[in-house]
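A.B. asks: Got a structure for you, written out below as structure tokens; questions coming shortly.
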Amino acid sequence: MSKLVLAIDDDKLAHCIIEEALSSSCRLLHAKNGEEGIRLAQKYQPDIILLDVEMPGMNGFEVCEKMKSMEQLADTPVMFLSSKGSLSERMKGYNSGAADYIVKPFESLELLARIEVLDTYRQRSFQLKQDMQRAQVTAEIAMTDSGDMGRIMRYVGQSYHAHDLTSLSEYFFEFFVPLQLDVAVVFWYHDSEVFFSHNGTIQPIEQELLEKHRNSSRFVDFGKRTIINYPKVSLLVKNMPIDDPALYGRYKDLLPHILEATNAKLKDMEISEDALNKVEEIGFAFEQLSEQLHGVDEQHAVKVTEFMELTHKMRSQLPIDQAVQLEKLHEHFEFLNLELNIIRAKLNEITRVRYQLTESLNKIAKPWGEDEVAAQTDIELF
């Protein structure tokens, strides 16, 4: 079934562009202001809502906040359409509940592509919602301040067994379930960024805000959201309890500890990966060298045989001084044979040690199976 998209905009041209871009792949509803848009959204339950910011009456931010306060619309992805593209405007849009933000004028193909991204986000969120609810119930354990350090220590132990970013993110998100915090995280790994979200999918606007605030201060508070930055990891908390000063302060003290541990783990993963790559490069170079040496050795053996045969034939026919020189040349060939044998043996030893080193680095990267790692819900509080 095609997606149902509701477009709320007082600009007729915008509706025409939306119609042209989406009519072949989506069913469309149109509203000319916020009040009408809310009524249509409640009645038809669209899959995605496109929402203008500057409209007569209620502006887009107010409309979005009102829809997000309604249970039947709370999970519907909203994309803002705006002529203002500053970071502060995008943050306003995100704070009001938007999943994406596109600046006017926009191309039809861009709008269509971003609609597809939002639809994928919506479908994955829906599929994961029940699983998340079950996990939330399972993880509802008595958690007090005295247990925080124990849980951090358990996470450090778990993260030791993470051999890739996906498994690390799973342990990372387990930490937040009992805290009832909805979070997203980005790992700044090598020269790339890898995003993960607590509910399995990250909204485009969340990704953009994390990227734009990477080099900002350690804590970035905006509305009920907080971004916490470390060199290798940035965390977005979507529901910081700012109305509860005591709990808010506790989280501000607690979360840097898990981020510090994650930051250190990511550095170690990068170092291990770099070391393993270097060992592989060295191994490849030695394999090439061994092949070349083998070829040289074979050719050398042939020439030595030819030389020995020629020497045997000529020795009785040569003057004494030339015979002595020939004997010395023969000794030199024997010396070369010994040296080549030593080099061959050393190369074999290097190959053996390189293999052991590769195995050791792989064990560091993948120490044990995940089945041997205890979950956060198994923690004994102290």
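The values are calculated or read from the model by the stated rules, or taken from the named source; none is laboratory data. What you are looking at is a predicted structure, and each value in this text was computed from that prediction instead of being measured. Note that we place each Cβ from the backbone using ideal geometry, even for glycine, and neighbour counts take in every protein chain shown. Just the protein is used for accessible areas: all its heavy atoms, side chains included, with ligands, DNA and RNA removed. Shrake-Rupley method; radii C 1.70, N 1.55, O 1.52, S 1.80 Å.
A.B. asks: Contact list please: Cβ distance under 6 Å, first residue in region 1-30 and closer than 19 Å to Thr76 by Cβ and basic (Lys, Arg), second residue open to solvent by less than 50 Å² (accessible area, probe 1.4 Å) and not in a loop (DSSP other than H, G, I, E, B), pairs at least six apart or on different chains.
C.D. replies: Lys3/Cys26; Lys3/Asp119; Arg27/Leu4
A.B. asks: Please list, ordered by residue number, the helices (runs of 4 or more DSSP H) wholly in region 24-103 having 1 or more residues that are open to solvent by 50 Å² or more (accessible area, probe 1.4 Å) and among the aromatic types (Phe, Trp, Tyr). Let's see the steps before the verdict.
C.D. replies: Values: elements: 34-44, 60-68, 87-95.
Output list reads 34-44.
A.B. asks: Is it fair to say Gln136 is at pLDDT below 95, out of contact with any Pro (no Cβ under 8 Å at 6 or more places or on another chain) and not assigned by the TED database to the domain that holds Ala14?
C.D. replies: Values: at pLDDT below 95: yes; out of contact with any Pro (no Cβ under 8 Å at 6 or more places or on another chain): yes; not assigned by the TED database to the domain that holds Ala14: yes.
Yes.
A.B. asks: In region 230-254, what residues are open to solvent by less than 10 Å² (accessible area, probe 1.4 Å) and at pLDDT 95 or above?
C.D. replies: Val233, Ser234, Leu235, Leu236, Val237, listed by residue number.
Residues are listed down the side, and each one gets a yes or a no for (1) open to solvent by 60 Å² or more (accessible area, probe 1.4 Å); (2) modelled with pLDDT of 90 or more; (3) in contact with a helix residue (DSSP H, G or I) (Cβ under 8 Å, 6 or more places away or on another chain):
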| position | (1), (2), (3) |
| --- | --- |
| Pro204 | no, yes, yes |
| His213 | no, yes, no |
| Gly223 | no, no, yes |
| Val279 | no, no, yes |
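A.B. asks: Hey, another quick one. Within the bounds of region 114-121, is there any residue that is closer than 30 Å to Ser2 by Cα and modelled with pLDDT under 85?
C.D. replies: First, the residues of region 114-121 that are closer than 30 Å to Ser2 by Cα: 114-121.
Filter once more, keeping what is modelled with pLDDT under 85: 121.
Taking every residue of region 114-121 in turn, at least one turns out to be closer than 30 Å to Ser2 by Cα and modelled with pLDDT under 85.
A.B. asks: Going through region 107-121 one residue at a time, which ones are open to solvent by 20 Å² or more (accessible area, probe 1.4 Å) and within 13 Å of Ile17 (Cβ to Cβ)? Outline the logic, then answer.
C.D. replies: Pass one, region 107-121, residues open to solvent by 20 Å² or more (accessible area, probe 1.4 Å): 107-110, 112-114, 116-117, 120-121.
Within region 107-121, Glu107, Ser108, Leu109, Glu110, Leu112 qualify.
A.B. asks: Can you name every residue in region 3-16 that is closer than 18 Å to Val117 by Cβ and crowded, with 19+ Cβ neighbours inside 10 Å?
C.D. replies: Applying the first criterion (closer than 18 Å to Val117 by Cβ) to region 3-16 yields 3-7.
Those that are closer than 18 Å to Val117 by Cβ and crowded, with 19+ Cβ neighbours inside 10 Å: Val5, Leu6, Ala7.
A.B. asks: Also, I was wondering about something else. Do you know which of the residues in region 174-194 that are surrounded by fewer than 18 Cβ atoms within 10 Å (Cβ to Cβ) and in contact with an Asp or Glu (Cβ under 8 Å, 6 or more places away or on another chain) is farthest from His163 (Cα to Cα)? Give the derivation first.
C.D. replies: Our first condition is that a residue be surrounded by fewer than 18 Cβ atoms within 10 Å (Cβ to Cβ); within region 174-194, this holds for 180, 182, 189-194.
Adding the requirement that they be in contact with an Asp or Glu (Cβ under 8 Å, 6 or more places away or on another chain) leaves 189-190, 193.
Details: Tyr189: 13, His190: 15, Glu193: 17 Å.
The extreme case among them is Glu193.
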